[in-house]
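Participant: What follows is a single structure, and I will ask about it in a moment.
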Amino acid sequence: MITTNNDKIKTYTEAVARGDYDLGACNLYGKHDNVRTFWEDQLTRFVLRPFLTKLVEDRKARGEKTRIIDLGSGSGQGYELLTRIDKRDLDLGLLHDRALPIDEIESYLGLDISQPMVDKGNEIFRDEDNMRFIQGDLTNGLDSARDEKPFDLYFSSYGSFSHLSKESLQNLLTDICEHGNNESLVVLDLIGRYSIEWPQYWNAETEEEKVRDYSMNYLHLGLDYEVETEHFPIRFWTGFELDKLMLDINKDTKGQIEIVKKLDRSILVGRHTDTRLYNPRLQSTRRGVNCLHENYMRTDLSKLIIDHDLAPEHPKVSPFLNELIKSWNILVDFCNKRLLGEMQLIELENWSEFPSALQFSLMVIDRVITDTGWMWYGEPRANIIESQLGYALRNLESSMQHGLGCGHGLVAILKVTK
């Protein structure tokens, strides 16, 4: 076990009492900031969308509804994430067509170690007859839900499984493999070890070295008073380690479990890019992107240019990270100069050498600036152009990532086969 249950219960009891887990509005700081809303949650939705759509449609074709268990559920933020996934990108005239309609959910069970979290979830969703939250310790695998009918989706979010040791996660996934249906989906959400936030963790070799300190002091940014910061050890993961973990699990189970998709999420805008707690070379990139998505706030784009010298050289991380930062800076610099009338798209050099994701993002930003330049009302720069730059930067991250564990979050979609 990585940390004691008493430590975890104390940490989250205090967080619930402060209101950190209430459903809140987006902002520049805190748990529900703009990056979480417009980047992290959306990227999780995008990567899960095709798999969840097929799962629900297959169940519906058999006259069944979908059963979901949210592991490490907190007070139920995962429910909102899952029920707001559209089956396809929306055009201007298309109404929402959800991948998981609320009326297609047979049961949604939230499982969390913290009784205050469980109580908060049952309070928030008290009017939903098919939803309930119970207390349970995932270090004991599925013990708390073992007598439940098999679930179609075993869901986790916001790094909850990184609270588990490797052994505990392997045991939990083994339980899921045996408990689940054929083609049940599993969503892992872990903390990536190759993030620029903590390069001193990159070269960990032993299991002991892969379990390191994690601080929640990002929750306190922007406060004008001091709050005691929670620290606890968590297990950091890479994509390579997840591949190996699946091989180990499949040696010992009757069913099989495989990774069907991996996603590095928040590569350059992780929670601790602003705190610089683990890497003092970092810039406040997350704060800058939060500003891009804030209504009526103009952003100094020059502060979004990222220094390449953020972390030491690493054979697996550096080639990817250098390419992403270079593309990020080209896009930000072009947008800034285009807004100032100092550059046109055709003036960019080495176009043919740009990654396709960068070429597309540059064309989008150029078109957005062209099409909004005539507007005199509604603050088009702050409310249209900058938010589109934010989405274009998000597209760079999601299109260029390789599931290495280079983001603050490492998301993996698994499928059970029986």
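Participant: One residue is enough: does segment 20-29 have a residue meeting the conditions at negative phi and modelled with pLDDT of 85 or more?
Facilitator: yes
Matching residues to (1) touching a Lys or Arg at 6+ places or on another chain (Cβ under 7 Å); (2) in contact (Cβ under 8 Å) with a residue 24 or more places away in the chain; (3) closer than 25 Å to VAL47 by Cβ; (4) of a type in the set (Val, Ile, Thr):
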{"position": "ASN130", "(1), (2), (3), (4)": "no, yes, no, no"}
{"position": "LEU138", "(1), (2), (3), (4)": "no, yes, yes, no"}
{"position": "SER165", "(1), (2), (3), (4)": "yes, yes, no, no"}
{"position": "SER168", "(1), (2), (3), (4)": "no, yes, yes, no"}
{"position": "ASP175", "(1), (2), (3), (4)": "no, yes, yes, no"}
{"position": "ILE196", "(1), (2), (3), (4)": "no, yes, yes, yes"}
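Participant: A follow-up question, please. Could you count how many residues in segment 343-391 are of a type in the set (A, V, I, L, M, F, W, C), without any contact (Cβ under 8 Å) to a residue 12 or more places away in the chain and closer than 14 Å to LEU331 by Cβ?
Facilitator: 2
So that you can scan it fast, the table gives a plain yes or no per residue for (1) over 30 Å from ASN203 (Cα atoms); (2) not aliphatic (A, V, I, L, M):
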| residue | (1), (2) |
| --- | --- |
| GLU353 | yes, yes |
| VAL368 | yes, no |
| GLY373 | yes, yes |
| CYS406 | no, yes |
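Participant: Restricting to segment 368-410, and then to whatever is among the small types (Gly, Ala, Ser) and under 20 Å from LEU358 (Cα atoms), can you tell me which residue is nearest to the chain's Cα centre (by Cα)?
Facilitator: Within segment 368-410, the match that is nearest to the chain's Cα centre (by Cα) is GLY407.
Participant: Just one of LEU301, LEU310, LEU358, LEU321 is touching a helix residue (DSSP H, G or I) at 6+ places or on another chain (Cβ under 6 Å), closer than 19 Å to GLN283 by Cβ and not small (Gly, Ala, Ser); which is it?
Facilitator: Residue meeting the stated conditions: LEU301.
Participant: When you go through LEU324, LEU348, LEU339, LEU362 one by one, which is the residue that is closer than 30 Å to ASP189 by Cβ, surrounded by 15 or more Cβ atoms within 10 Å (Cβ to Cβ) and either among the hydroxyl-bearing types (Ser, Thr, Tyr) or outside the structural domain of PHE240 (by TED's automatic domain parsing) (or both)?
Facilitator: LEU324
Participant: Restricted to segment 245-256, and to residues that are outside any loop (DSSP other than H, G, I, E, B) and more than 22 Å from the chain's Cα centre (by Cα), which residue is nearest to GLU183 (Cα to Cα)?
Facilitator: Restricting to residues being outside any loop (DSSP other than H, G, I, E, B) and more than 22 Å from the chain's Cα centre (by Cα), the top hit is GLN256.
Participant: Sticking with this structure for a sec: Given the condition surrounded by 13 or more Cβ atoms within 10 Å (Cβ to Cβ) and assigned to a loop (DSSP other than H, G, I, E, B), answer yes or no: does some residue in segment 43-60 qualify?
Facilitator: Within segment 43-60, not a single residue is surrounded by 13 or more Cβ atoms within 10 Å (Cβ to Cβ) and assigned to a loop (DSSP other than H, G, I, E, B).
Participant: Kindly establish whether ASN295 is touching a residue at least 12 places away in the same chain (Cβ under 8 Å), exposed (fewer than 14 other Cβ atoms within 10 Å of the Cβ) and not in a loop (DSSP other than H, G, I, E, B).
Facilitator: Judged against the criteria, ASN295 is not a match.
Participant: While we're here: Counting just the residues of segment 273-292 that are out of contact with any Ser or Thr (no Cβ under 7 Å at 6 or more places or on another chain) and of a type in the set (Lys, Arg), which one comes out surrounded by the most Cβ atoms within 10 Å (Cβ to Cβ)?
Facilitator: Per the criteria, the residue is ARG287.
Participant: If you check ASN279 against the conditions, is it of a type outside the set (Ser, Thr, Tyr), outside any loop (DSSP other than H, G, I, E, B) and either within 23 Å of VAL411 (Cβ to Cβ) or modelled with pLDDT under 95 (or both)?
Facilitator: Considered against the rule, which asks whether it is of a type outside the set (Ser, Thr, Tyr), outside any loop (DSSP other than H, G, I, E, B) and either within 23 Å of VAL411 (Cβ to Cβ) or modelled with pLDDT under 95 (or both), ASN279 comes out as no.
Participant: Can you tell me which of (1) modelled with pLDDT of 95 or more; (2) surrounded by fewer than 12 Cβ atoms within 10 Å (Cβ to Cβ) is the one ILE330 doesn't meet?
Facilitator: (2)
Participant: Going through segment 93-126 one residue at a time, which ones are surrounded by 18 or more Cβ atoms within 10 Å (Cβ to Cβ) and touching a strand residue (DSSP E or B) at 6+ places or on another chain (Cβ under 6 Å)?
Facilitator: ILE105, TYR108, LEU109, GLY110, LEU111, VAL118, GLY121, PHE125
Participant: Has segment 399-418 got any residue that is part of a helix (DSSP H, G or I), hydroxyl-bearing (Ser, Thr, Tyr), under 27 Å from ILE191 (Cβ atoms) and in contact with a strand residue (DSSP E or B) (Cβ under 9 Å, 6 or more places away or on another chain)?
Facilitator: No, that holds for no residue.
Participant: Quick one: would you say LEU142 is within 30 Å of VAL211 (Cα to Cα), surrounded by 21 or more Cβ atoms within 10 Å (Cβ to Cβ) and in contact with a Leu (Cβ under 6 Å, 6 or more places away or on another chain)?
Facilitator: When the stated conditions are applied, LEU142 does not pass them.
Participant: Listed residues SER284, SER302, SER266, SER327; which is more than 23 Å from the chain's Cα centre (by Cα) and either in contact (Cβ under 8 Å) with a residue 40 or more places away in the chain or within 24 Å of GLN388 (Cβ to Cβ) (or both)?
Facilitator: Exactly one of SER284, SER302, SER266, SER327 is more than 23 Å from the chain's Cα centre (by Cα) and either in contact (Cβ under 8 Å) with a residue 40 or more places away in the chain or within 24 Å of GLN388 (Cβ to Cβ) (or both), namely SER302.
The values are calculated or read from the model by the stated rules, or taken from the named source; none is laboratory data. All values derive from a computational prediction rather than experimental measurement. No Cβ is skipped: glycine too gets one built from the backbone with ideal geometry, and neighbour counts run over all protein chains shown.
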